[in-house]
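Notes to accompany the following structure.
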Amino acid sequence: MSKTRVNDFTIKVGNVNGTGSASANALLMKIIFRMGVPVVGKNIFPSNIQGLPTWYEIRVTEKGYRGRSGDIDIMIAMNPDSYKRDLEELSPGGILLYDETWPRPHFLTRSDITVIGVPLARMCNSAFKVARSRILMKNVAYVGAVAALLGLDLDILHTLLREIFAAKPKLIDLNLQAVALGYDYVKEHYPNASTFKVEARDLTKDKVMIDGNTAAGLGCVYGGATFGAWYPITPSTSLMDAFVKYCKDLRIHPETGKHKYCIIQAEDELAAAGMIIGAAWDGARCFTPTSGPGISLMSEFIGFAYYAEIPMVLFNIQRTGPSTGMPTRTQQCDIQLCATASHGDTMHILLFPADPGECFDMAVNALDLAERFQTPVFVLSDIDIGMNDWMVDELQWDDSYIPDRGKVLSSEDLKSVDKFHRYLDVDGDHIPYRTIPGTDPKGAYFTRGSGHNKFGGYTEDGAEYKEVVDRLKAKWKASADKLPAPIVRRAKQATKSGIISLGSCDGAVIEARDRLGADGVYLNYMRVRGFPFAQEVEDFIAEHDQVFVIEQNRDAQLLGLLLSETNTPREKLIPLLHYSGEPLDYKFVRGALSEALNLRKSA
Amino acid sequence: MTSFVEPFIRRKNEPTNDLGLVRADYDGAMSTLCAGCGHDSVTATMARAFFELSIEPHKAVKVSGIGCSSKTTAYFLRESHGINTVHGRMPSVATGAIAANHELAYIGVSGDGDSLSIGLGQFVHAMRRNVNMLYMLENNGVYGLTKGQFSAAADIGSTAKKGAVNELPPIDPVSLALSVGATFVARGFSGDRDQLLPLIKAGLKHKGFGLIDVISPCVRFNDHKGSTKSYAHAYKYYNPAIHADYVPPSTQIKAAYEAGEVMPVKLHDGGEIRLRKLENGYDPRDRAAAIGKLFESGQSSEIITGLLYINEDHKDMHDMARMEDRPLNQIPYSELNPGAAKLKELQKGFR
């Protein structure tokens, strides 16, 4: 028997969607998390409600890496439709656990793995009467089986079940029984089968398990948004679900039942965009969550908000395109779409969170920036960040925070103004003052998407038009150093090779870089967090001979922006692209970097 | 080219409203529409309605889409905020604005092109939500700014200026409004200011979505023989069925009316709308009857006008969303921030 691997392996569950597998997997992950051991969960699911293959990866990583490993060490094969693929994917030395109710002789074709058969269906069929619970409990039973294999803490498992079903106590016993079925069977029949073990640590204190959409929805509550409009689209829907939940919990008057918020499910994304423009124009903090197709539909309005200078906050939880694409698979494919969304010359502010913690913080940033710069601001998350549970530092809130409502003139302010002009750059910072409807007769102005001069009047005069659009460009550029700054990790030794990446690539990039570093290959790493790019980005590129740009799309969209917005020779930037729709893993990054470095050397 | 500023001339002994303002205080920039355009007359009537209701100009908000009619929001109420949005999308912007602050008087100005083709979806959904606004649909059956294409409001058989005959059935905004839940549905004619003015006042005071479909001929592209949206055609088939007057709360007792002739409808602000039946047996509080009457009049080419339907009992968007009375844009952040301690507490669920 090979040596034991403690707290460093990946479990993958192949299942059928709609069978309660998500809850079972979340449970499994939570047990490990509560044992103090860092975990990473990646849900790879179909665009379907019931009956199609779905997978869930749980990486146990004592070192706290946040990307996928690229290996599967334990495969829990619950779906006959994907048995073949699941078997092939398992790494040598791995364990395959399957439902032995039906014999699967082909599992024995691999001699380099351990096969564990547990008669899950048979046991559940004899233990439970109701057909639906037989299906659901089969999944809970494998949690028991895995608990036995890995040496998970049963007390924690039992506590979690009691917490989860606190409102439905009848289900507690049922679930405990199902856990025991799997657990006891493995203990009895495979007492020492697993070389993979989880050992309790103290590494998850002050950490939480949260998905990016929940964190962003919560961020909108803390940022003081009172209005949200949206049209349902995977994978952004759960962001609004979270906002609704926290508004219900926190924003309803206990006695009157009156709401301090308004959420509208619009008739389409066009209307959702129009609604938040109307609400922002009328002085409410607001946002809309959507995904790529929604941005396409909103584009006309985005240009209007840009030109008429109306704050607008959009969360784009990116999914693969083009067209409907693969709606439940992840990508960073809307970077350029969002950077220039709409017709005409438009440039927008983009924020790139890398994890749910940043989704929370950047939701607040976006609300501030949109009002400060009176312009659309995009938070570019993706399915991986938005819909997977990540282990992050507990979210923090600074009670001294005051929202930046930007340059808004009150009735009092207007008293000292001779005449109010909506688009006049009074302070020389490229940002004009605005007024909110209903404030004061002196503050009235007419908002239009048609040509207007700096006073706000209609114009078709070329010079007057240019004056305004040139200021808009300058305003956009001036936002660069007000955005979340890039994060730089320096190599242990001086190097002329660098990496630029963003968002959900971060975990895999950090791990690949660590491992290359251990082999004596050194790379500096900058993660950009905002667009327009801060000066540091250009400086970082300038100090290296070659910069690898790692991103999750086919067309090197971040690289394209780096070229167009900095003075960088084309050949200096080397694209490393991952766009299969599955979350990035370190092996891909390490492989691509090694290959590219070798190629450059031999060239 | 900048917009023309209309000269502001104060005359002696000019009538003032309750705020001490004169009618000219409700004007805007000079219209750039064609001479004789029906829309200019509607604009003047809207301005007069705000003046007579003594609404402070800065407490009014004008919203519009794109098209000749949508341009007119610049031509009245210069001391109001106005927003000329995107083609066909005014209803969503209005919806958001009204969600943010329901205390202002919102008037939307649109046309048949803006509302019935590109903007049909938003138009219908704003009515479903019973957004508290008055929506003026200035209907001329034609695209004016792009020079004379049929709109979806063109009747079968109506001809274009260059002779083409429309064969597609029209979308009637009034029937549409009745079927999707608008709570104040009227039709007027830019050529009958006496009827239109009280309709606008009543519509502004109604709580919920008010639609006034105003036949407003396009003198440049759709006022010829053969057009069913010409002045001549409108005058010929015009039937003012129900006259509506708005009576403000304070003057109710003074105003007298003959029983039987007038059907009063109580409004949320304490005032009332008094309906005068010009057509026997017509009750605008009866939705089914209104739909029947419309269908009937359509058969005979008659243009039935007036307040065709009113329902003051339906909740508006604000009430349906259970928002508190104070507008969202006036709630201080201190009441919106749950605080650091709460954040810590609610994260216990994430462990």
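The values are calculated or read from the model by the stated rules, or taken from the named source; none is laboratory data. As the structure is a computational prediction, the values presented were derived from the model and not from experiment. So basically every Cβ, Gly included, is an ideal-geometry build from the backbone, and we count neighbours across all protein chains shown.
Among residues of the range A:120-152 being crowded, with 18+ Cβ neighbours inside 10 Å and part of a loop (DSSP other than H, G, I, E, B), the one that is nearest to the chain's Cα centre (by Cα) is A:Leu152.
Counting only residues that are modelled with pLDDT of 90 or more, surrounded by fewer than 21 Cβ atoms within 10 Å (Cβ to Cβ) and assigned to a loop (DSSP other than H, G, I, E, B), the range B:137-162 holds 5 of them. Residues that are surrounded by 24 or more Cβ atoms within 10 Å (Cβ to Cβ), closer than 21 Å to B:His268 by Cβ, away from chain A (no Cβ under 11 Å) and hydroxyl-bearing (Ser, Thr, Tyr): does the range B:113-136 have at least one? Yes: the range B:113-136 contains one or more residues that are surrounded by 24 or more Cβ atoms within 10 Å (Cβ to Cβ), closer than 21 Å to B:His268 by Cβ, away from chain A (no Cβ under 11 Å) and hydroxyl-bearing (Ser, Thr, Tyr). Looking only at strands (runs of 3 or more DSSP E) that lie completely in the range B:17-116, which have at least 2 residues being within 15 Å of the chain's Cα centre (by Cα)? Answer list for the range B:17-116: B:60-64, B:105-111.
Exactly one residue out of A:Thr195, A:Thr226, A:Thr204 is surrounded by fewer than 24 Cβ atoms within 10 Å (Cβ to Cβ), of a type in the set (Val, Ile, Thr) and within 14 Å of another protein chain (Cβ to nearest Cβ): that is A:Thr204. Remark: pairs (first residue in the range A:247-259, over 13 Å from B:Lys342 (Cβ atoms) and outside the structural domain of A:Tyr222 (by TED's automatic domain parsing); second residue surrounded by 12 or more Cβ atoms within 10 Å (Cβ to Cβ) and among the basic types (Lys, Arg); Cβ separation under 6 Å; 6+ apart in sequence or on different chains) are absent.
Quick check: anything in the range B:189-198 of a type in the set (S, T, N, Q), modelled with pLDDT under 95 and assigned to a loop (DSSP other than H, G, I, E, B)? Full working, then the answer.
Taking the range B:189-198 and keeping what is of a type in the set (S, T, N, Q), we get B:190, B:195.
Still in the list and also modelled with pLDDT under 95: B:190, B:195.
Checking which are assigned to a loop (DSSP other than H, G, I, E, B) leaves us with B:190.
Scanning the range B:189-198, I find at least one residue that is of a type in the set (S, T, N, Q), modelled with pLDDT under 95 and assigned to a loop (DSSP other than H, G, I, E, B), so the answer is yes.
Among residues of the range A:296-309 that are in the same structural domain as A:Ala370 (by TED's automatic domain parsing), those with a Cβ under 6 angstrom from a residue that is in a helix (DSSP H, G or I) and not hydrophobic (A, V, I, L, M, F, W, C), sequence gap 6+ or separate chain, pair up as A:Leu297/A:Glu269; A:Met298/A:Glu269; A:Phe301/A:Gly274.
Residue count for the range A:393-414, restricted to those that are within 12 Å of chain B (Cβ to nearest Cβ), in a loop (DSSP other than H, G, I, E, B), more than 26 Å from the chain's Cα centre (by Cα) and buried (at least 16 other Cβ atoms within 10 Å of the Cβ): 1. For the range A:75-100, which residues satisfy the criterion of being buried (at least 16 other Cβ atoms within 10 Å of the Cβ) and under 20 Å from A:Thr19 (Cα atoms)? Selection gives A:Met75, A:Ile76, A:Ala77, A:Met78, A:Asn79, A:Ser82, A:Tyr83, A:Asp86, A:Leu97, A:Tyr98, A:Asp99, A:Glu100. May I ask you to verify whether A:Val417 is closer than 22 Å to A:Ala305 by Cα, in contact (Cβ under 8 Å) with a residue 24 or more places away in the chain and out of contact with any Gly (no Cβ under 6 Å at 6 or more places or on another chain)? No, not satisfied.
Selection of the range A:218-265 for residues being in a loop (DSSP other than H, G, I, E, B), in contact with a Ser or Thr (Cβ under 6 Å, 6 or more places away or on another chain) and among the aliphatic types (A, V, I, L, M) yields only A:Ile233. For the range A:1-28, filtering for residues that are surrounded by fewer than 22 Cβ atoms within 10 Å (Cβ to Cβ) and outside any strand (DSSP E or B) leaves 12.
With the structure loaded, tell me whether A:Thr109 is among the hydroxyl-bearing types (Ser, Thr, Tyr) and farther than 30 Å from A:Ala592 by Cα or whether it fails that test. Give the derivation first.
Working: among the hydroxyl-bearing types (Ser, Thr, Tyr): yes; farther than 30 Å from A:Ala592 by Cα: yes.
Yes.
Scanning the range A:415-443 for residues that are surrounded by fewer than 17 Cβ atoms within 10 Å (Cβ to Cβ) and within 10 Å of another protein chain (Cβ to nearest Cβ) yields one hit, A:Pro441. Residues of the range A:363-390 that are under 16 Å from the mean Cα position of the chain (by Cα), surrounded by 24 or more Cβ atoms within 10 Å (Cβ to Cβ) and among the hydrophobic types (A, V, I, L, M, F, W, C): A:Ala363, A:Ala366, A:Phe378, A:Val379, A:Leu380, A:Ile383, A:Ile385, A:Met387, A:Trp390. Selection of the range B:314-341 for residues being assigned to a helix (DSSP H, G or I) and within 7 Å of another protein chain (Cβ to nearest Cβ) yields B:Leu328, B:Asn329, B:Tyr333, B:Glu335, B:Ala340.
Taking the residues in the range B:44-77 that are more than 7 Å from chain A (Cβ to nearest Cβ) and of a type in the set (D, E, K, R) as candidates, determine which candidate is surrounded by the most Cβ atoms within 10 Å (Cβ to Cβ). It would help to see each step written out before you state the result.
Applying the first criterion (more than 7 Å from chain A (Cβ to nearest Cβ)) to the range B:44-77 yields B:44-56, B:60, B:62-73, B:75-77.
Checking the rest, the ones that are also of a type in the set (D, E, K, R) come to B:48, B:52, B:56, B:62, B:71.
Numbers: B:Arg48: 18, B:Glu52: 19, B:Glu56: 16, B:Lys62: 29, B:Lys71: 25.
The residue in question is B:Lys62.
Residues that are in a helix (DSSP H, G or I) and within 21 Å of A:Asp86 (Cα to Cα) within the range A:29-76 comprise just one, A:Met29. Across the range A:229-239, the qualifying residues are those that are out of contact with any Gly (no Cβ under 6 Å at 6 or more places or on another chain) and more than 8 Å from chain B (Cβ to nearest Cβ), and the one among them that is farthest from A:Thr290 (Cα to Cα) is A:Ser238.
Looking at A:Phe287, A:Phe304, A:Phe360, which one is within 14 Å of chain B (Cβ to nearest Cβ), crowded, with 24+ Cβ neighbours inside 10 Å and farther than 27 Å from B:Leu336 by Cβ?
Working: A:Phe287 fails: farther than 27 Å from B:Leu336 by Cβ; A:Phe360 fails: farther than 27 Å from B:Leu336 by Cβ.
Unique residue meeting the criteria: A:Phe304.
The set of residues from the range B:306-346 being touching a His at 6+ places or on another chain (Cβ under 7 Å) and within 19 Å of A:Ala280 (Cα to Cα) comprises B:His318, B:Ala321, B:Met323, B:Glu324, B:Pro327.
Once the range B:80-110 is narrowed to residues that are within 8 Å of another protein chain (Cβ to nearest Cβ) and touching a Lys or Arg at 6+ places or on another chain (Cβ under 8 Å), the residue that is nearest to B:Lys147 (Cα to Cα) is B:Asn84. Assess whether A:Leu314 counts as being touching a helix residue (DSSP H, G or I) at 6+ places or on another chain (Cβ under 9 Å) and part of a helix (DSSP H, G or I). Judged against the criteria, A:Leu314 is not a match.
Entry remark, the range A:473-504: residues being in a helix (DSSP H, G or I), surrounded by fewer than 20 Cβ atoms within 10 Å (Cβ to Cβ) and of a type outside the set (Lys, Arg) number 5 in total.
Taken as a whole, the range A:454-466 holds at least one residue that is away from chain B (no Cβ under 14 Å) and outside any strand (DSSP E or B).
The numbered conditions (1) surrounded by fewer than 24 Cβ atoms within 10 Å (Cβ to Cβ); (2) hydroxyl-bearing (Ser, Thr, Tyr); (3) in contact with a helix residue (DSSP H, G or I) (Cβ under 9 Å, 6 or more places away or on another chain) are all true for B:Ser190 except (1).
Can you tell me which of B:Val247, B:Val174 is at pLDDT 90 or above and touching an Asp or Glu at 6+ places or on another chain (Cβ under 6 Å)?
Being at pLDDT 90 or above and touching an Asp or Glu at 6+ places or on another chain (Cβ under 6 Å) holds for just one of B:Val247, B:Val174, which is B:Val174.
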